[in-house]
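Below is one structure, written out as structure tokens; comments come after it.
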Ligand SMILES: Nc1ncnc2c1ncn2[C@@H]1O[C@H](COP(=O)(O)OP(=O)(O)OP(=O)(O)O)[C@@H](O)[C@H]1O
Ligand SMILES: [Mg+2]
């Protein structure tokens, strides 16, 4: 779905069908002929009209970008509370749970329930025809990594509306891929970019604007313009990291954001919840955070990329001994998971370890001063 191109339809704009003239009664012979022409499945609909899958055939209304103050019956004070807590569109409220709205927006539970029901009625959350879904998926924005082989591995690039994890040991190129994605998203369309904004949540203090400038030179992009489209939030602890996500919807809307990066997802959680005793609490908090990210991706139709550290299990005798941090919680929440490992010199190997539509394949790329490039590319 291209959120920029489609002006949302309001219910008032719905077309009313023209009245049909009353149909003439068919003669007995005509009725028989018509009976013979019927498609085999038509009789089912006559006998069981109520069982037709009407919901699945109805096109979902695209009101997702409409501001929350359009929820029927909402007052200005409640609308303000929602907006200042990051719930700025109908879709954001429609996808929320009452507990969450109570917690984040300081409104009563009944009000929260009523708002969610009203927003869902407007956005039309329900079943969607799979054919429509395929059309929507074909229009999904994919962000190029700047390397043809990596793009091929990812079936076109980093996909919008989903959460992609890039994990690997230190020095495997996780941050370098993030820098490259920033440039590919922010640079002008005529250069192959998306002319869109980026939100970069830096938990390790490793964001380097100088690298963005270097990578821009490879594409002939204006570094000033590219840097001006990147919004960097330095997260000092896991709570701060979560707050930054809550604050991001406003920047997403105002800055035409198409990509959100969290580098890295787990470093603060790992440091703050060390030891077996706090594992449950850490996983619960991480789970909540991952759900926030996934919802942001879906509600605002943006690509969310999270880097992740790895841990080594020395007691594993056969197969892989290095695993991304976060266990099953991270594994289940991420849509696509890419695992990086070192090759010779500046070569790195990327492997898709989990995806709903990409097989478990791998490719090689290089880290250079110009960013992420193919092995065959000379820079
Ligand atoms: N300007 C540059 N030119 C060429 N290579 C560079 C440049 N800057 C960094 N690199 C290379 O990038 C690699 C580091 O990659 P990156 O910072 O993405 O690692 P990482 O996977 O994020 O590691 P960590 O887990 O420590 O954050 C190093 O091998 C480094 O030599
Ligand atoms: Mg890094």
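The values are calculated or read from the model by the stated rules, or taken from the named source; none is laboratory data. What you see is a predicted model; the values in this text were computed from it and never measured. Quick reminder, even Gly has a Cβ in these numbers, built from the backbone with ideal geometry, and neighbours come from all protein chains shown.
Flag: residue 358 matches the condition of being surrounded by 13 or more Cβ atoms within 10 Å (Cβ to Cβ), at pLDDT below 95 and under 26 Å from the mean Cα position of the chain (by Cα). Of the helices (runs of 4 or more DSSP H) entirely within segment 200-276, those holding at least 2 residues that are away from ligand 1 (no atom under 16 Å from the Cβ) and touching a strand residue (DSSP E or B) at 6+ places or on another chain (Cβ under 6 Å) occupy 238-254.
Check whether at least one residue in segment 106-128 is touching a strand residue (DSSP E or B) at 6+ places or on another chain (Cβ under 8 Å) and either surrounded by 18 or more Cβ atoms within 10 Å (Cβ to Cβ) or in contact (Cβ under 8 Å) with a residue 12 or more places away in the chain (or both), and report yes or no. No - not one qualifying residue is present in segment 106-128.
A quick yes/no check of all residues on (1) surrounded by 22 or more Cβ atoms within 10 Å (Cβ to Cβ); (2) outside the structural domain of residue 88 (by TED's automatic domain parsing); (3) within 16 Å of ligand 2 (Cβ to nearest atom):
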residue: 206; (1), (2), (3): no, yes, yes
residue: 209; (1), (2), (3): no, yes, yes
residue: 237; (1), (2), (3): no, yes, no
residue: 247; (1), (2), (3): no, yes, no
residue: 253; (1), (2), (3): no, yes, no
residue: 257; (1), (2), (3): yes, yes, no
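Looking at 143, 177, 158, just one residue is under 19 Å from residue 358 (Cβ atoms) and within 16 Å of ligand 2 (Cβ to nearest atom), and that residue is 177.
All conditions but one from (1) in contact with a helix residue (DSSP H, G or I) (Cβ under 7 Å, 6 or more places away or on another chain); (2) within 23 Å of residue 181 (Cα to Cα); (3) at pLDDT below 95 apply to residue 329; the one that does not is (2).
One residue is enough: does segment 294-310 have a residue meeting the conditions over 18 Å from the mean Cα position of the chain (by Cα), in contact (Cβ under 8 Å) with a residue 24 or more places away in the chain, surrounded by 13 or more Cβ atoms within 10 Å (Cβ to Cβ) and in a loop (DSSP other than H, G, I, E, B)?
The first filter runs over segment 294-310 and keeps only residues over 18 Å from the mean Cα position of the chain (by Cα), leaving 309-310.
Among the residues that remain, those that are also in contact (Cβ under 8 Å) with a residue 24 or more places away in the chain are: 309-310.
Of the ones still in play, those that are also surrounded by 13 or more Cβ atoms within 10 Å (Cβ to Cβ) are 309-310.
Still in the list and also in a loop (DSSP other than H, G, I, E, B): 309.
There is at least one residue in segment 294-310 that is over 18 Å from the mean Cα position of the chain (by Cα), in contact (Cβ under 8 Å) with a residue 24 or more places away in the chain, surrounded by 13 or more Cβ atoms within 10 Å (Cβ to Cβ) and in a loop (DSSP other than H, G, I, E, B).
Against the definition (loosely packed, with under 15 Cβ neighbours inside 10 Å and in contact with a strand residue (DSSP E or B) (Cβ under 7 Å, 6 or more places away or on another chain)), how does residue 342 come out, yes or no? Taking the combined requirement at face value, the residue does not satisfy it. If I filter segment 213-232 for residues that are under 25 Å from residue 310 (Cα atoms) and in the same structural domain as residue 341 (by TED's automatic domain parsing), do I get at least one hit? Yes, that holds for at least one residue.
Residue check: is residue 99 surrounded by fewer than 22 Cβ atoms within 10 Å (Cβ to Cβ) and within 13 Å of residue 113 (Cα to Cα)? Against the criterion (surrounded by fewer than 22 Cβ atoms within 10 Å (Cβ to Cβ) and within 13 Å of residue 113 (Cα to Cα)), residue 99 qualifies. If the requirement is being in the same structural domain as residue 357 (by TED's automatic domain parsing), touching a strand residue (DSSP E or B) at 6+ places or on another chain (Cβ under 9 Å) and within 16 Å of ligand 1 (Cβ to nearest atom), which of these qualifies: 181, 194, 153, 163? Exactly one residue qualifies, and that residue is 181.
Tell me, please, whether a residue that is within 14 Å of ligand 2 (Cβ to nearest atom), in contact (Cβ under 8 Å) with a residue 40 or more places away in the chain and either buried (at least 18 other Cβ atoms within 10 Å of the Cβ) or more than 24 Å from the chain's Cα centre (by Cα) (or both) can be found in segment 189-200. So far as segment 189-200 goes, yes, one or more of its residues are within 14 Å of ligand 2 (Cβ to nearest atom), in contact (Cβ under 8 Å) with a residue 40 or more places away in the chain and either buried (at least 18 other Cβ atoms within 10 Å of the Cβ) or more than 24 Å from the chain's Cα centre (by Cα) (or both).
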